[in-house]
Amino acid sequence: EGGGRIVATHESSDESYYSIADDGSPYYALMSEFLDMPFPHLALAFGEPDITDVCMQFHQMAPWIQPTAVDTVMEGDRMLGRILMTSDFDALTILYDPNTRLIESIDLGITGGDLVQAGATLTYRHTFEYETHDAPLPGATFAFEPGERQRVDMMGALVAAPDPGPAGRPGGGAGGLVGTPAPPFVLATADGGAFDLEEHRGQVVVLDFWATWCAPCRRALPMLQDVARWASNQEVPVKIVTVNVWERDAPDERLEKVRKFWKQQGLTMPVVMDYTDQTAQAYGLTGIPATVVIRSDGVVHAQHMGVPGDYVKTLKREIIDAIEVLEAE
């Protein structure tokens, strides 16, 4: 859509549509919505200028890969170019047409780390198809008229309604933990203290899982800071905590990096350090940023990944809804 926006619909419904501003970067906008789906073409065309950063953008689930080999391979009766990119636990293979230079497939195998059980391999396979045109497409091709469709706040709402909360009341966002007790944890804070989730029973808690290397996280954190400022000014009974996960540094180096990043970004929210990533595993994370809104009785009210459209408005509504559910009871 013109004007720097991305619009999505789903074939299962003609009643809704989703729209988000790309903030000048269609790559990051799509990556924040489709956490497990790579957009290597956009990474090459619109990604970071540094080649190391571009490599981190080839697949969201393998940010540490680096090129290690280039050769050719026969696929049926066709000769294709092959690029191998690897890291400690990841192996990503790109097949491309040497004539058109268009990527035909990406295979990613993850054999270790926090997302994979010992002895198992997590595999992602993606294929790409292209439709070519001899002339530029007319502008009307990229226009979107919603008609009777209603705009929704999150991509997932195009195909499914949020999971119901207690007594049939809706939760804020769909997710596997919604309506269940939040997994307890005690973690060290970046300022030398400790955070015990159980000690905050009686008020709404928002957990935001992030990493220093995660571009969508960097995009979301200032907006989360706006929500924290709003909650403080309005005296909303909510505790907003950020949880650092999935870094590759040793604990001391990781803590120094997080503190430096926090200072550079001018952020003031509490940071807790999930050094072992066991909390991320307990919450079933498959991508970041991930946000979890926990009611005052310790039950998960909303859970989602990525940076949904109207992030600040959506999170504020989820916090208020989490408070009002129990007040109504």
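The values are calculated or read from the model by the stated rules, or taken from the named source; none is laboratory data. The model shown is predicted, which means the values in this text are computed figures rather than measured ones. All Cβ positions, even for glycine, are placed from backbone atoms using ideal geometry, and neighbour counts span all protein chains on display. Accessible surface areas use protein heavy atoms only, side chains included; no ligands, DNA or RNA. Shrake-Rupley method; radii C 1.70, N 1.55, O 1.52, S 1.80 Å.
Over the chain, calculate the relative contact order: mean separation of alpha carbon pairs under 8 Å at least 6 apart, over the residue count, as a percent. Numbers along the way, then the final one.
Values: 577 pairs, mean separation 57.5, N = 329.
Computed over the chain, the figure is 17 percent.
Apply 1/(1 + (r/R0)^6) to the Cβ-Cβ distance of ARG5 and ALA118, taking R0 = 45 Å, and write down the FRET efficiency to the nearest 0.05. Using R0 = 45 Å, I get an efficiency of 0.55.
Can you pull the percent of the range 261-329's accessible area that's carbon plus sulfur, 1.4 Å probe, other chains left in place? Walk me through the intermediate numbers first.
Numbers: 1310 of 2690 Å².
Looking at the range 261-329 in its full context, I get 49 percent from C and S.
With all pairs of different C-alpha atoms in the average, the Kirkwood value for the hydrodynamic radius of the range 1-117 is 16.1 Å.
Summing charges over neighbours of VAL73, with a neighbour being any other residue whose Cβ is under 15 Å away from its Cβ, gives -4 when K and R count +1 and D and E count -1.
Roughly how many percent of the accessible protein surface of the range 30-89 is carbon and sulfur, given a 1.4 Å probe and a whole-percent answer? It would help to have the intermediate numbers written out before the result.
On the way: 1930 of 3150 Å².
Exposed carbon and sulfur together represent 61 percent of the surface.
Other residues whose C-beta falls under 12 angstrom from the C-beta of ILE83 contribute a net charge of -1, scoring Lys and Arg +1 and Asp and Glu -1. Averaging 1/r over every pair of different alpha carbons in the range 194-313 and inverting the result gives a Kirkwood radius of 14.7 Å.
Per-residue ellipticity at 222 nm for the chain, helices alone: DSSP H runs ≥ 4 residues times -39500 (n - 2.57), over residue total, nearest 500 deg cm²/dmol?
Numbers: 7 runs with 78 residues, N = 329.
One gets -7000 deg cm²/dmol as the mean residue ellipticity at 222 nm.
Please list, by residue number, every one of the trypsin sites (Lys or Arg not before Pro) in the range 73-104 that is coil in DSSP and has at most 16 other beta-carbon atoms within 10 Å.
Working: sites: ARG78, ARG82, ARG101; in loops: ARG101.
Answer by residue number: ARG101.
Look at the dipole of the chain built from charges on Cβ: of THR72, VAL206, PRO136, the Cα furthest out on the positive end belongs to VAL206.
Stretching SER13 away from LEU267 to a fully extended chain increases their span by 87.4 nm, per 0.36 nm per residue minus the current alpha-carbon distance. For the chain, build the charge dipole from Cβ charges (+1 Lys, Arg; -1 Asp, Glu) around the Cα centre, then report which of MET61, ALA215, ALA118 sits farthest towards its positive end. In the chain, that residue is ALA215. The TRP64 and GLU148 beta-carbon pair, evaluated with R₀ = 30 Å, returns a calculated FRET efficiency of approximately 0.05.
Computed over the alpha carbons of the chain, Rg followed by Dmax gives 21.3, 67 Å. Per-peptide packing, taken as the mean over residues of other Cβ atoms within 10 Å, places 246-254, 210-218 in the sequence 210-218, 246-254 from highest down.
Taking 0.36 nm per residue of separation and subtracting the Cα-Cα distance, what length does fully extending ILE51 through PHE34 add?
3.9 nm
A 1.4 Å probe run over the protein chains yields, for the chain, 51 Å² of accessible area per residue, whole-number rounding. What does the charge count near ASP23 come to, summing +1 for each Lys or Arg and -1 for each Asp or Glu among other residues with Cβ under 11 Å from its Cβ? Neighbour charge sum, excluding ASP23 itself: +1. For LYS257, the lysines whose Cα comes closer than 28 Å to its Cα, not counting residues fewer than 8 places off in the same chain, are LYS239. Remark on the chain: CYS55 stand apart, with no other cysteine beta carbon under 4.7 Å. Per-residue extension of 0.36 nm, minus the Cα-Cα distance of THR141 and ALA250, leaves a gain of 34.2 nm for this segment.
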